[in-house]
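What follows is a single structure, written as structure tokens, with notes after it.
The values are calculated or read from the model by the stated rules, or taken from the named source; none is laboratory data. Here the structure is a predicted model, which is why all the values come from computation and not from measurement. Glycine also receives a Cβ, built like all others from the backbone with ideal geometry; neighbour counts cover every protein chain displayed.
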Amino acid sequence: MSVFKVPDMTCGHCEKVIREELTKVDQQVRVEVNLKDKLVTVDNLSDDRVLSLLKSIGYSPVLYDLSI
Ligand SMILES: [Cu+2]
């Protein structure tokens, strides 16, 4: 499981397109979106893949270090 900060995810539409982009890859992929904190939690998909998929649809994700 990895958490990504997506500062430019601002509304329900963003949530929908992000969710669709990540889950279309594989039905095993699990996505949780926290719109208020602009966090996306992803299970069963590599960090590199998440970052490149979200960038490909115009977002600016960064891997979020929960230990900070
Ligand atoms: Cu939006």
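The table below lists the values:
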{"item": "Count - residues of the range 11-67 that are farther than 17 Å from Met1 by Cα and loosely packed, with under 13 Cβ neighbours inside 10 Å", "result": "13"}
{"item": "Qualifying residue in the range 31-47 (condition: under 19 Å from Asp65 (Cα atoms), away from the ligand (no atom under 16 Å from the Cβ) and among the hydroxyl-bearing types (Ser, Thr, Tyr))", "result": "yes"}
{"item": "Residue under evaluation Lys5, criteria (1) charged (D, E, K, R); (2) within 12 Å of the ligand (Cβ to nearest atom); (3) surrounded by 15 or more Cβ atoms within 10 Å (Cβ to Cβ), criterion not met", "result": "(2)"}
{"item": "Residue check, Ser67 modelled with pLDDT of 95 or more and of a type in the set (Ser, Thr, Tyr)", "result": "no"}
